[in-house]
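Student: Quick one: the structure is below, and I'll ask about it shortly.
The values are calculated or read from the model by the stated rules, or taken from the named source; none is laboratory data. Everything quoted here is computed from the prediction, not taken from an experiment. Reconstructed Cβ throughout: ideal geometry from the backbone, glycine too, with neighbour counts over all protein chains shown. Accessible surface areas use protein heavy atoms only, side chains included; no ligands, DNA or RNA. Shrake-Rupley method; radii C 1.70, N 1.55, O 1.52, S 1.80 Å.
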Amino acid sequence: MAAKLSPPRILPSGDAAITVEFSRQIDDEANRRVLALDRLLAKTPIDGISETVPTYRSLLVHYDPVRIDFDTLGGKLAALAQQASTQDVVARRWRVPVTYGGEHGIDLEGTAKALNLSTEALISRHAAPTYRVAMIGFTPGWSYLSGLDPSLELTRRQTPRLLTPPGTISIGGVQTGIQCIAGPSGWHLLGRTPVRTYQLGRDPIFLLEPGDEVKLYAIDARQFAECERAAEHGEIVAELVAR
Amino acid sequence: MSTLVIAMVGPATSVQDAGRYGAQRYGMTPSGAMDPLALAVANCLVGNPLFSAAIEIGPLGATFSARDGAVRIALAGAQRSAKVGQDSIALHESFILAEGDSLTLGATRDGVFSYLAIEGGGVKGEPTFGSLSVNARAGLGSPYPRPLQVGDELQVPTASLANEHAIIVPARPEGPIRVVLGPQDDEFDDDIVQLFLRSEWKISGTSDRMGYRLEGPAKILHRYGHNVVSDGTVNGSIQVPGSGQPIVLMPDRGTSGGYPKIATVISADLGRFAQIPAGRGLRFKAVSMQEAQAAARAMAALLRDLPNRLREPSGLALDIEALQNANVAGVAVNAIDAGTWQSEPSPDHQP
């Protein structure tokens, strides 16, 4: 089976990082291969690599050009990518509560209208899939989820908002995600989760790993407030589901 | 311990060290000094590990006062006037700021960031992920998780009886900023890549520690549209949003970005690039990976060699200000507008 896999492209990101690109698009299989290579590198480290950043379609490998050069590292990464097995990526599954709409999701109604759906249908379609954390990036804990129902795709806003609240659950293009800290966003804000994917002083500081599965479920505003208080005190609030 | 009081300060002044690495996979922005070599030079002069936490000072004037004891400090980076009372202070020489005295820095004459290093290991604070660097958006950094403000007080070691030092640092290369093409240069037609390399660009006044926006006559248009899928970024990534005006990502960048990246500034030239003031023209030059990595190794060798470059101070009271005026006559640009060094998030920085 491994022989059928197309080799990734080994692309330079300057002189101290390599992008191992498996696809140009959002592609579930490519993302699995990204995560498989990431896991394999964690198991069998290459001297000179300082850290790796898995994304939807590529693995960014930061390295020290004093210790290893581009050609040597690129060759090793290409070879490892062919060995990495997507079977080895063991995922945890989380249940994550979300309050949809109202003050917590100011774009819910507008998004439903744009998609020609009722808000109820939008919520149920958004909460239905088992998502996978394809990547975490942009700001601490910002978790990009793959597996959005294609009927919910919606181009980003023309004008991004400069400040959107922590815990926001939103849709942007074919992507959906959990934002952890307040920040700018051009995505459509459907709701908020009290779960903090990143919290200093808590163990673990980062809750989700790339590759983890996430099932969203709706809670009301009162439950949100309760969970929010618990989360403030360092409780995880999300549930780890036994598999 | 002594105290360094921030008596006067403009925007874009914060505590920075080498940055916060190892958690970019969780979206943790690295931050860290915009000009790592200047940070290292300042630290070397006061006998610190090269990437100890120091004060990165933006382009406007600032005043620092010593309280509860004397403090040994050194300045590197941007060219600007520096005075204690009527005495001019030389760049690249350590000196003692006596208890009760104040160091007053003028606005930069050339360059953007200065580094003020403090003997005894630098600024004291509580590291997160091994770093005191301020990342205002994420609320990280110590002792203050934000840029410095008037009235802030930094606990710093009291000056030792050590001798003062000066340092000879080789002049930075001039000429175009070197880049390695990619990782997404194939999202652009060849003639567009050439247009990017041929054009003269200016650093926009809306630049900040997250990114330097480039303004130019050319519009760099993508072959397939600009809504590409987010992937990882590095310091120096040159991403091209729909406007066609590139943005060079700097240490406060998001760890991922959704715009195609036409090229990457080589690591050895990033500090030099960071010191180009807003309004100044610049060009890029594509180099081979071999040249880029040779430059990275040369930079690493220079850093290792810094302690060997320490000298006795000349003792001559150079009129640095006059010298600077002579040196930069004709090229100085008044880049400095308090409103331009803002920490407001901008629409092009988004997930």
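Student: Cβ neighbours within 10 Å, averaged per peptide: list B:288-297, A:174-183, A:95-104 in order, most packed at the top.
Tutor: So the order, starting with the most tightly packed, is A:174-183, A:95-104, B:288-297.
Student: Which whole-number value in Å² is the accessible area per residue of segment A:77-205, probe 1.4 Å?
Tutor: On the way: 4870 Å² over 129 residues.
Averaged over the residues of segment A:77-205, the accessible area is 38 Å².
Student: Quick one: what do you get for chain A if you divide its Cα Rg by 2.2 N^0.38 Å? Write out the running numbers ahead of the final one.
Tutor: Numbers: Rg = 19.0 Å, N = 243, 2.2 N^0.38 = 17.7 Å.
The value comes to 1.07.
Student: Checking a compactness column here: for chain B, what do you get for Rg(Cα) / (2.2 N^0.38 Å), N being the number of residues?
Tutor: Values: Rg = 20.0 Å, N = 351, 2.2 N^0.38 = 20.4 Å.
Here the answer is 0.98, to two decimals.
Student: Quick one: dipole size for chain B, taken about the Cα centre, charges +1 on Lys/Arg Cβ and -1 on Asp/Glu Cβ, in debye to the nearest 20.
Tutor: 400
Student: What part of the accessible area of chain B, given as a whole %, is carbon or sulfur when the probe is 1.4 angstrom?
Tutor: Result for chain B: 53 percent of the exposed heavy-atom area is carbon or sulfur.
Student: Distance between the C-alpha centers of segment A:67-108 and segment B:263-286? Whole Å please.
Tutor: 32
Student: Could I have the simple spin-label model distance between B:Leu221 and A:Ala218, label points 7 Å from Cα toward Cβ, reported in nm to one decimal?
Tutor: If labels sit at B:Leu221 and A:Ala218, their model points lie 4.5 nm apart.
Student: For a distance above 22 Å, tell me the whole-number percent of Cα pairs in segment B:177-297 that qualify.
Tutor: Of all Cα-Cα pairs in segment B:177-297, 26 percent lie more than 22 Å apart.
Student: Have a look at the DSSP beta bridges in chain B and tell me what percent are antiparallel, nearest 5.
Tutor: About 95 percent, rounded to the nearest 5.
Student: How far is helix B:36-45 tilted off the main Cα axis of chain B, in degrees rounded to 10, range 0 to 90?
Tutor: Between helix and principal axis, roughly 10 degrees.
Student: Separate question: Is there a pair in A:Lys215/B:Lys261; A:Lys113/A:Lys215; B:Lys124/B:Lys261 whose C-alpha atoms are over 30 Å apart, and which pairs would that be?
Tutor: Over 30 Å Cα-Cα: A:Lys215/B:Lys261; B:Lys124/B:Lys261.
Student: Roughly how many whole Å is it from the C-alpha centroid of segment A:180-207 to that of segment B:33-58?
Tutor: 33
Student: As a check on your grasp of the helix formula, calculate [θ] at 222 nm for the protein assembly as shown: sum -39500 (n - 2.57) over DSSP H runs of n ≥ 4, divide by the residue count, round to the nearest 500.
Tutor: Only helices count here, giving -5500 deg cm²/dmol.
Student: Looking at A:Asn31, B:Ser199, B:Val112, which one has the Cα that reaches farthest to the positive end of the dipole of the protein assembly as shown (charges on Cβ: Lys, Arg +1; Asp, Glu -1)?
Tutor: A:Asn31
Student: What distance in nm lies between label points placed 7 Å from Cα along the C-beta direction at B:Ala300 and A:Asp149?
Tutor: 5.2
Student: Using 0.36 nm per residue, how much length does the chain from A:Asp28 to A:Arg67 gain when fully extended, once their Cα-Cα distance is taken away? Before the final figure, lay out each step's value.
Tutor: On the way: separation 39, 0.36 × 39 = 14.04 nm, distance 3.34 nm.
Taking A:Asp28 through A:Arg67 to full extension adds about 10.7 nm, to one decimal.
Student: So which residues of segment B:3-38 lose at least 40 Å² of accessible area, probe 1.4 Å, when you go from the chain by itself to every protein chain present?
Tutor: Going by heavy-atom accessible area, the residues of segment B:3-38 that drop by at least 40 Å² are B:Gln24, B:Arg25, B:Tyr26, B:Gly27.
Student: Here is a further query. Write down the accessible area per residue of chain B in Å², having rolled a 1.4 Å probe over the full set of protein chains.
Tutor: 37
Student: For chain A, give the percent of accessible area contributed by carbon and sulfur heavy atoms, probe 1.4 Å, rounded to a whole number.
Tutor: So the carbon and sulfur contribution to the accessible surface is 52 percent.
Student: Now for a different question. Give the distance, in whole Å, between the Cα centre of segment B:206-254 and the Cα centre of segment A:141-175.
Tutor: Segment B:206-254 and segment A:141-175 have Cα centres separated by 20 Å.
Student: Here's a follow-up. Probe 1.4 Å, all protein chains in place: accessible area of B:Tyr224 in Å², nearest 10?
Tutor: Accessible surface of B:Tyr224 is approximately 140 Å².
Student: Now a separate question. If you line up the long axis of helix B:289-305 against the longest principal axis of chain B, both from Cα atoms, how many degrees apart are they, to the nearest 10?
Tutor: 10
Student: For the protein assembly as shown, what is the charge dipole size about the Cα centre, in debye to the nearest 20, if Lys and Arg each add +1 at the Cβ and Asp and Glu each add -1 at the Cβ?
Tutor: 940
Student: When DSSP beta bridges are limited to those with both residues in the protein assembly as shown, what percentage is antiparallel, rounded to the nearest 5? Let's see the in-between values first.
Tutor: Working: 97 of 106 bridges.
If I count the DSSP bridges inside the protein assembly as shown, around 90 percent turn out antiparallel.
Student: Further, regarding this structure: In square angstrom, rounded to the nearest 10, how much accessible surface does A:Thr155 have for a 1.4 Å probe?
Tutor: Taking all protein chains as shown, A:Thr155 has close to 100 Å².
Student: Determine, from the Cβ-Cβ distance of A:Gln87 and B:Gln86 and an R0 of 51 Å, the FRET efficiency 1/(1 + (r/R0)^6), rounded to the nearest 0.05. Please report the intermediate quantities before stating the final value.
Tutor: On the way: r = 74 Å, r/R0 = 1.45.
Plugging the Cβ-Cβ distance into 1/(1 + (r/R0)^6) gives 0.10.
Student: List the accessible area buried at the contact between B and A, summed over both sides and calculated with a 1.4 Å probe, in Å² to the nearest 100. Let's see the in-between values first.
Tutor: Numbers: alone 15100 and 12210 Å², together 23020 Å².
Interface between B and A: roughly 4300 Å².
Student: May I ask for log10 I(q)/I(0) of segment A:2-88 at q = 0.11, 0.20, 0.21 Å⁻¹, from a Debye sum over the Cα atoms as equal point scatterers with solvent left out?
Tutor: Log10 I(q)/I(0), no solvent term: -0.25, -0.84, -0.93.
Student: Given labels modelled 7 Å from the Cα in the Cβ direction, how far is it in nm from B:Ser160 to B:Asp191?
Tutor: 6.3
Student: Which of A:Ala84, A:Ser50, A:Ile68 sits farthest toward the positive end of the charge dipole of segment A:2-88, with +1 on the Cβ of Lys and Arg and -1 on the Cβ of Asp and Glu?
Tutor: A:Ala84
Student: Name the residues of segment B:125-140 whose accessible area, probed at 1.4 Å, falls by at least 50 Å² once all protein chains are in place instead of their chain on its own?
Tutor: Those are B:Phe129, B:Arg137, which lose 50 Å² or more relative to the chain on its own.
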